[in-house]
Amino acid sequence: MKKTLFCLIAVALLSGCSSNGSTSVKNNVQATQNAQQSTKTQYIMGGKIQANEEANIGSKISARVSEITVDVGAKVNQGDTIIKLDTQDLQAQVDQAQAAVNTAKANLANATSGTRPEQLAQAQATLDSASQGYEVTKKNYDRTKALVDSGAAAQQQLDSAQQQLAVAESQYKTAQANLEMLQNGATKSSIDVYQAQVNQAEAALKVAQAALSNATITAPISGVVSAKNINVGEMASASGTLLSIVNSSGLSVNAYAPLDIVDQLKEGQSVVVKVSEIPDKQFEGTIIVINSKLNSQSRNILVKVAVADTNSQLKSGMFAEVGLKK
């Protein structure tokens, strides 16, 4: 029995030694591979990762925010509604502008369709009333003037009577001109005036409708909301950024290469990219642009590198190093 127990313990110890030895060998192999891989890559330039497509979204009008449908980190598609502004005042402006268009069109239609008998009768009655009013006011003026000339009335009374006479005369002349216009029919110049009023009213309606449509803000690109600077109930102005959207499906690094190694680079060349936030992984990159202009201060050349990130691990703003494969 004791001999059997001793054999079992021996087997267990040998098995454990074998397992630890295997793990140690694997770790050593992995470390050697990483070291070999590291020696094959020469990191010669660095820069910040940025998205090829970003959008800072503002408002074209000043209005209060009534709804925000997204938050930071939310994914959006191009054309999605992301912010709604209060439209009560904007809708009222559209309604008012539409009413002005209707009135202008009605005036134009009346001017071009000819004068109806009832219009002439109404204009004649208006002229008769204005004529009577003018005669009464003229007699009152003459009577007041006589009293002032004799010293029986104050000059202030004459001034008031004169003003009333001027108003009555203006009303009489306007009524007379309106009747004559109806009797003679609309002239080309008057029709042109009515048409201009229609055009002006329609232009004002378009402006009001555009302002109303701007109350609904949509995403200009697909991506992820990276910043939100407005809340429901706050005023959105035409000068600030309300939301920011980043499309991380296309990332690049604007790196600066020393002048003495530029001859080792060419557009379309494959490179290696690494970031300190993800130390255990390297990313594939491709040089897409080599600037021909030298930076006069740093004496470096701008090199743009497109980065492949299928698992969406990289973020805009991370610092990246770019290396050449040996």
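Some points to look at:
- Residue, nearest to Val224 (Cα to Cα), within the range 43-70, restricted to residues that are among the hydroxyl-bearing types (Ser, Thr, Tyr) and part of a strand (DSSP E or B): Ser66
- Residue satisfying all of: in the range 94-121; surrounded by 14 or more Cβ atoms within 10 Å (Cβ to Cβ) and modelled with pLDDT under 90; farthest from Ser189 (Cα to Cα) among these: Gln119
- For the criterion of being farther than 30 Å from Asn56 by Cα and outside any helix (DSSP H, G or I), Ala109 fails.
- Residue in the range 262-274 that is among the β-branched types (Val, Ile, Thr), surrounded by fewer than 12 Cβ atoms within 10 Å (Cβ to Cβ) and in contact (Cβ under 8 Å) with a residue 12 or more places away in the chain present: no
- Flag set for Thr241, criterion: surrounded by 13 or more Cβ atoms within 10 Å (Cβ to Cβ) and either in contact (Cβ under 8 Å) with a residue 12 or more places away in the chain or not in a strand (DSSP E or B) (or both).
- Counting the residues of the range 194-210 that are surrounded by 14 or more Cβ atoms within 10 Å (Cβ to Cβ) and at pLDDT 90 or above gives 9.
- Within the set Glu321, Glu284, Glu234, the sole residue that is among the acidic types (Asp, Glu) and under 13 Å from Ile49 (Cβ atoms) turns out to be Glu321.
- Test: residue in the range 279-292 that is touching an Asp or Glu at 6+ places or on another chain (Cβ under 8 Å), surrounded by 17 or more Cβ atoms within 10 Å (Cβ to Cβ) and without any contact (Cβ under 8 Å) to a residue 24 or more places away in the chain: yes
- If you go through the range 244-270 and keep only what is outside any strand (DSSP E or B) and of a type outside the set (A, V, I, L, M), you end up with Asp260, Asp263, Gln264, Lys266, Glu267, Gly268, Gln269.
- Every residue from the range 214-229 that is surrounded by fewer than 19 Cβ atoms within 10 Å (Cβ to Cβ) and either in contact with a helix residue (DSSP H, G or I) (Cβ under 9 Å, 6 or more places away or on another chain) or under 30 Å from Asn110 (Cα atoms) (or both): Asn214
- Considering the range 112-218, the qualifying helices (runs of 4 or more DSSP H), each wholly inside and each with 2 or more residues that are in contact with a Leu (Cβ under 6 Å, 6 or more places away or on another chain), free of Cβ contacts under 8 Å to residues at least 60 places away in the same chain and over 30 Å from Lys228 (Cα atoms), run over 117-150, 155-184.
- Checking every residue in the range 223-236 against the condition of being in the same structural domain as Asp71 (by TED's automatic domain parsing) and acidic (Asp, Glu) gives at least one match.
The values are calculated or read from the model by the stated rules, or taken from the named source; none is laboratory data. Because the structure is a prediction, the values reported are computed rather than measured. Don't worry about glycine lacking a Cβ; one is built from the backbone with ideal geometry, like all the others, and counts go over all protein chains shown.
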